[in-house]
Amino acid sequence: MKKGLTRRSFLKVTGAAAAAGALSGPLVHLPVFAQSAKLSVQTWGHFITPLNPLLESLTADWASKNDASIEWNYAGFDAMLQTISTAAATGAGPDVVMFQYDNAHQFAEALVDVSDVCETIGEAYG
């Protein structure tokens, strides 16, 4: 039996980490189970200019400690839905998408279900 995480499990962990970080403020240290991970993240460019570089610096610190690299892809807030729609339709989207709370259900067939990870985090941290 193969040890370690599958791509699906890895995406669950990183998706939950991105969601937790986006919702709770500073990112917490979560271990990366894949070696030399390359993650692409799609989000909107924040209207408060210093927040994009701040997010990049926080995740760059985490990535350097975990032998990972993160490619940030920003779209204007008004273009996010179209960008994500195209990614879902082509299957060539990013590893992690930072959604608004009301859009994820529109792309359920193209997303990895991370409910179990979110429940575990919720039980552990409230």
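The values are calculated or read from the model by the stated rules, or taken from the named source; none is laboratory data. Keep in mind it's a predicted model, so treat the numbers as computed, not measured. Every residue, glycine among them, receives a Cβ derived from its backbone with ideal geometry; neighbour counts consider all protein chains shown. Note: accessible area is taken over every heavy atom of the protein model, side chains too, but ligands, DNA and RNA are not part of it. Shrake-Rupley method; radii C 1.70, N 1.55, O 1.52, S 1.80 Å.
I need a count of the residues in segment 101-120 that are open to solvent by 60 Å² or more (accessible area, probe 1.4 Å) and either closer than 21 Å to W44 by Cβ or part of a helix (DSSP H, G or I) (or both).
Selection size over segment 101-120: 11.
Considering only segment 79-95, I want to know if a residue exists there that is buried (at least 17 other Cβ atoms within 10 Å of the Cβ), out of contact with any Gly (no Cβ under 6 Å at 6 or more places or on another chain) and touching a residue at least 60 places away in the same chain (Cβ under 8 Å). Please lay out each step first, then the result.
Taking segment 79-95 as the starting set, the residues that turn out to be buried (at least 17 other Cβ atoms within 10 Å of the Cβ) are 80, 83-84, 87-88, 93-95.
From what is left, the residues that are out of contact with any Gly (no Cβ under 6 Å at 6 or more places or on another chain) are 80, 83-84, 88, 93-95.
Keeping just the survivors that are touching a residue at least 60 places away in the same chain (Cβ under 8 Å) gives 95.
Yes, segment 79-95 has at least one match.
Quick one: in segment 23-67, which of the residues that are part of a loop (DSSP other than H, G, I, E, B) and at pLDDT 60 or above is nearest to V97 (Cα to Cα)?
G45
Restrict the check to segment 58-77 and report whether at least one residue is in contact with a helix residue (DSSP H, G or I) (Cβ under 8 Å, 6 or more places away or on another chain) and aromatic (F, W, Y).
Looking through segment 58-77, at least one residue is in contact with a helix residue (DSSP H, G or I) (Cβ under 8 Å, 6 or more places away or on another chain) and aromatic (F, W, Y).
Mind telling me which of the residues E71, E56 ends up being under 13 Å from the mean Cα position of the chain (by Cα), under 17 Å from H46 (Cα atoms) and open to solvent by 80 Å² or more (accessible area, probe 1.4 Å)?
Just a single option satisfies the conditions, and that option is E71.
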